[in-house]
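Remarks on the structure that follows.
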Amino acid sequence: MTAVRQDAWSADDDLMLAEVTLRHIREGSTQLAAFEEVGERIGRTSAACGFRWNSCVRKRHEEGIQLAKQQRQKRNYLRKQSFANVPQVSGIASAEVGEEAGKAMGADDITIEAIIRFLKSWKGHYQELNRHVKTLEKELKEKDEEIFELRVKAEKLSREVNSAQTDYRTVNDDYKTLIQIMDRARKLATLGEEEEVKPRFKMDANGNLERIE
């Protein structure tokens, strides 16, 4: 039985929750299945994972969610396009069967051989299409993982830029404050010197000004 953790969510837990949930969205699975997978891997309940996703993690990955939905639609489209060719092959084979039947004038053994050839041809074509679909899915998965890694790096760089900008603003404010303090000190020093050297005078009994030392 998986132990239920009570500690706070870490950045690695959030990253795993986002990665697994986006992968399930891309592959056409449900978010509940993603929450159950994450819960088993990190020792939490699926309900706790769902609450964490809806209350916190989802808001940080809105672009990733939209991209995952687009990739899911593209995957479904490629799959439909791959299997859309099967009816055409079936029609061609049916024409061959009709031709063989016409030549054989209703001979059952030749008709059966034509049907067997058609089934073998359809099976080979189906296997080829299936291999092609798997190849496309593998390439798409690799691209999805590459995009996710680039998105994680971009988010990390964005946080570092925001942190650097905050530090710059703090240093800039401190520098301005220091300049203001230095400017005030210089003004006070200049004012003190002016008061110190400013001469003073007094008037004597004859009405003449006399400098006071």
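Some values worked out for this structure:
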| item | result |
| --- | --- |
| Percent RCO, i.e. relative contact order, over the stretch 1-74, from Cα pairs under 8 Å lying at least 6 residues apart | 36 percent |
| Shape call, the stretch 1-65: gyration tensor on alpha carbons, a/c limit 1.5 | oblate |
| Linear extension gain, Val133 paired with Leu157, 0.36 nm per residue minus alpha-carbon span | 5.1 nm |
| Full-stretch length increase - Ile112, Ile179 - with 0.36 nm per residue and alpha-carbon distance subtracted | 14.3 nm |
| Peptide ranges 164-172, 143-151, 131-139, 26-34 listed from the most packed, as the mean C-beta count within 10 angstrom indicates | 26-34, 143-151, 131-139, 164-172 |
| Approximate spin-label separation Trp9-Phe51, in nm, with each point projected 7 Å along Cα-to-Cβ | 1.1 nm |
| Per-residue ³J(HN,Hα) for the stretch 34-39, Karplus 6.51 cos²θ - 1.76 cosθ + 1.60, θ = phi - 60°, Hz, x for Gly and Pro | 5, 5, 5, 5, 5, x |
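All of the numbers you see were taken from the coordinates with simple rules; none came from a lab. In this text, all values refer to a predicted model and were calculated from it rather than measured experimentally. No Cβ is skipped: glycine too gets one built from the backbone with ideal geometry, and neighbour counts run over all protein chains shown.
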